[in-house]
Amino acid sequence: MAHQAVVSYCRFIQSQVMNRARAQHEQQIKKARESKMCGTDKRPDPCPIITKSLSSDSIINLDHGDPTMYKEYWERMGDKCSITITGWQSLSYFSNTSNICWFLEPEFEKEVRRIHSVVGNAVAEDYHIVVGNGSSQLFQAALYALSPANALQPMNVVSAAPYYSSYPALTEFLKSGLYKWAGDACNFDKEEPYIELVTSPNNPDGFIREAVANCRKLGKLVHDLAYYWPQYTAITAPADHDVMLFTVSKCTGHAGTRIGWALVKDREVARKMTKFIELNTIGVSKDSQLRAAKILQVLSNCCECARPGETENFFEHFRGQMTERWDRLRGVVKGSDLFSLPEYPVEFCNFFGDFFEAQPAFAWLKCREEIEDCESFLKSHKIITRSGRHFGEIPSMLELACLIKITLSISYYKGCQP
């Protein structure tokens with residue numbers, strides 16, 4: 001049938017999960033038999049493995065991404081990423097009282113500046129660093145910092161469609177009188193102050209973006225550069241904007257660590273962003289910062305020490321994985337006349353020293369004209385996606401999160417019962 005092009009790729013993802021799960025379970029059995037133990041020194045029997053096979057009518061959920069594709073690499077890193085946090089550490093609220101961001105751990109600050117220097121994707125020197133609980137908190141902190149407290153009306157917040165689907169909800173969530181969501185930046189023509197959110201590479205379509213709103217003299221910019229890393233796109237120049245947001249979840253895959261950072265030019269803006277986080281969560285976990293610092297340290301080390309072409313180079317390794325996945329996706333979509341994918345320009349990457357085409361973490365899929373609602377069409381074939389309407393676009397467009405997401409549960413390990 002016509003929809004089999006996308007379904008075949010998604011089944012490929014499922015098969016990867018199944019093969020990986022089987023391999024993990026076989027390894028667990030081997031370890032259990034070698035030790036003759038199973039979680040206790042009183043039970044010598046190996047733990048049973050229970051495996052569930054996916055049926056042909058399984059629901060495939062591609063509504064959101066989860067960067068578990070990075071797990072295998074970090075497993076191979078072993079103890080290189082381990083840290084020890086003693087009982088007396090992290091007692092104080094404060095990390096560095098001489099810093100504007102007083103809860104920023106010095107080690108994390110050092111490694112953030114270092115990774116940007118190694119990769120060359122952003123200017124970090126002479127910038128203030130504000131750490132946050134993921135980039136979502138930093139996004140709200142930036143809106144707070146850039147909105148005048150004494151304005152007669154809320155600051156307009158805009159972004160060019162297709163924009164990140166959570167921008168409207170995040171902007172309106174606190175129901176702040178300081179700012180309000182004002183929609184597509186391309187259509188914003190009011191002679192009023194505004195904040196434009198520039199996501200580059202863009203989520204969902206993967207293209208490099210610049211500001212588009214017309215009234216530049218009244219506008220302030222926030223650049224969301226979460227995906228400006230060389231496994232996703234060519235690093236053509238170091239970004240040097242007023243406010244730039246990054247997160248470890250997109251850089252290294254450690255989404256559960258909940259750490260992001262902002263590079264901020266203006267001291268007063270950095271101070272206000274810090275104040276927002278202080279009032280919101282009284283800072284950011286020191287333990288998470290120390291873990292993120294270690295991860296970034298290992299990342300920088302492997303980039304500086306690994307020879308070109310070696311898989312130990314993190315970005316080289318995952319550029320290869322993303323290339324393979326995009327090749328497979330383009331292959332199955334090409335075999336159907338129902339769907340199409342964006343074509344990206346080939347650009348020179350300063351980090352790799354060669355040319356390559358962008359390979360975003362998400363796929364921006366367009367359906368044929370007669371399919372008015374692509375999300376409903378794929379849902380009827382048990383594929384859950386996110387419609388273009390969530391991104392300020394028409395329903396015939398949608399986002400697939402199957403490039404970095406491999407989280408379909410098809411088996412589980414059942415420990416011994418007491």
query: Accessible area per residue of the stretch 347-397 at 1.4 Å probe, in Å²?
result: 49
message: How large a share of the accessible area of the stretch 188-274, in percent, is made up of carbon and sulfur atoms when the probe is 1.4 Å and the other protein chains stay in place?
response: 48
query: Averaged per residue, what accessible area in Å² does the stretch 111-256 show with a 1.4 Å probe, protein chains only?
result: 37
statement: Cα-based Rg then Dmax for the stretch 235-346, in Å, read 18.9, 54
- request: Subtract the Cα-Cα distance of L152 and F94 from 0.36 nm times their separation in residues, and report this length gain in nm to one decimal.
  value: 17.3 nm
query: If you project the alpha carbons of the stretch 126-267 onto the principal axes, what extent comes out on each, in Å, largest first?
result: 42, 30, 26
query: Can you pull the percent of the stretch 90-173's accessible area that's carbon plus sulfur, 1.4 Å probe, other chains left in place?
result: 54
message: With a cut-off of 8 Å between alpha carbons and a minimum separation of six or more residues, what is the relative contact order of the stretch 177-331 in percent?
response: 15
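The values are calculated or read from the model by the stated rules, or taken from the named source; none is laboratory data. These numbers were taken from a predicted model, which means no experiment stands behind them. We work out accessible area using only protein heavy atoms, side chains counted, and drop any ligands, DNA or RNA first. Shrake-Rupley method; radii C 1.70, N 1.55, O 1.52, S 1.80 Å.
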